[in-house]
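For reference, the structure is listed below as structure tokens.
The values are calculated or read from the model by the stated rules, or taken from the named source; none is laboratory data. Quick caveat: nothing in here was measured; it's all calculated off a predicted structure. Cβ coordinates were reconstructed from backbone atoms using ideal geometry, including for glycine residues, and neighbour counts include every protein chain displayed.
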Amino acid sequence: MQYRQIEFPTFHVTTSEPCPYLKGRYERKIFTIAPDSDAKTIYNTLSKVGFRRSQFALYKTACVDCEACLPVRIRIRDFTPSRSQKRVWQKNRFIKRRWMAPIADLSQFEIFQKYVQGRHDDGHMAHMEVSDYQKMVEESAVETGLIAYFDTRTSTQSEWSSPPRLVAACVTDFMDDGLSMVYSFFDPDYRHQSPGIHMILDHIDLASSLSPDNEFVYLGYWVPRCQKMDYKKMFTPIEILRGGEWVEGRRLNEYTPDFFPDETAR
């Protein structure tokens, strides 16, 4: 049996910056840039201990005296949609998925801008230029796709047919045990269709169809009492990473981690 030595990555810690989730708090991250030759192996390993990806960097929160950011993932083999989720799925039956190469374009950026300015106008993403968006989508050392969602009602079959309208998209990483939703966004004009919920449901369906070995859809961080993240509580069974171990969190709305600050979530 032959063994290949993997280059161990070097980790760094960022300086403290204002927390995007909790007023009056500051966040700090530990991060690494995985070498291209071992990026897939290192990413899959680090994702299991709560790391996320942003372009070429793999990062994890390392805040002082606060453990509010909890990595969460859906256990797809045991997932059964609720009544409300079934209604969302049915309501979006005209929305069709297209698995695309991670290449940015202006139509995506326009929707991304509308989404960020409408929901996260106080964050750093609100100031992103086209070039910044392009880096977010295209810079990746692992297998990444842009999962785009189109409104098929907007296209016709005539000779002068118009293309279907892009309504949502998600930068998605393909892991050895499932899918990781790196960043998703949607056209605010479609907010009554619950496109965010629909994208998660569709990723569960996609992960199951891609491989019987897939077990999870990674949703990133969840912060208790942060309304912007309440949608993650709708999916069960969901697992949270706590104390270095993934445990089932059946009642996330009642979960309060140790060291959680009293400040109001954004």
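Applying a threshold of 7 Å to beta carbon distances and a minimum spacing of six or more residues, or different chains, the list of pairs starting in the stretch 71-89 at a residue that is closer than 19 Å to MET229 by Cα and ending at one that is among the polar types (S, T, N, Q) and in a loop (DSSP other than H, G, I, E, B) reads VAL88/SER194. Filtered by the rule that a residue be in contact (Cβ under 8 Å) with a residue 40 or more places away in the chain, over 15 Å from PRO71 (Cα atoms) and outside any helix (DSSP H, G or I), the stretch 196-224 gives ASN214, GLU215. Inspection of the stretch 245-252 finds a residue satisfying the criterion of being touching a helix residue (DSSP H, G or I) at 6+ places or on another chain (Cβ under 8 Å) and either at pLDDT below 85 or within 20 Å of TYR115 (Cα to Cα) (or both).
When LYS40 is tested against the conditions (1) touching a strand residue (DSSP E or B) at 6+ places or on another chain (Cβ under 8 Å); (2) of a type outside the set (S, T, N, Q); (3) in contact (Cβ under 8 Å) with a residue 12 or more places away in the chain, the lone failure is (1). A count restricted to the stretch 174-194 and to residues that are over 27 Å from TYR43 (Cβ atoms) and either in a helix (DSSP H, G or I) or among the small types (Gly, Ala, Ser) (or both) stands at 7.
Among the residues of the stretch 28-43, just one is within 21 Å of SER184 (Cβ to Cβ) and not basic (Lys, Arg), namely TYR43.
I'd like to check something: does the stretch 23-31 contain any residue that is at pLDDT below 90 and of a type in the set (Lys, Arg)? Checking the stretch 23-31: at least one residue is at pLDDT below 90 and of a type in the set (Lys, Arg). Looking only at residues of the stretch 26-82 that are small (Gly, Ala, Ser) and under 18 Å from the mean Cα position of the chain (by Cα), we find that the one that is nearest to VAL217 (Cα to Cα) is SER47. The strands (runs of 3 or more DSSP E) found wholly in the stretch 1-113 include none carrying at least 3 residues that are exposed (fewer than 12 other Cβ atoms within 10 Å of the Cβ).
Only one of the listed residues (TYR133, TYR183, TYR149, TYR190) is surrounded by 16 or more Cβ atoms within 10 Å (Cβ to Cβ) and out of contact with any helix residue (DSSP H, G or I) (no Cβ under 8 Å at 6 or more places or on another chain). That residue is TYR190.
Set side by side, the residues ARG87, ARG97, ARG73, ARG53 differ, and just one is out of contact with any strand residue (DSSP E or B) (no Cβ under 9 Å at 6 or more places or on another chain) and charged (D, E, K, R), which is ARG87.
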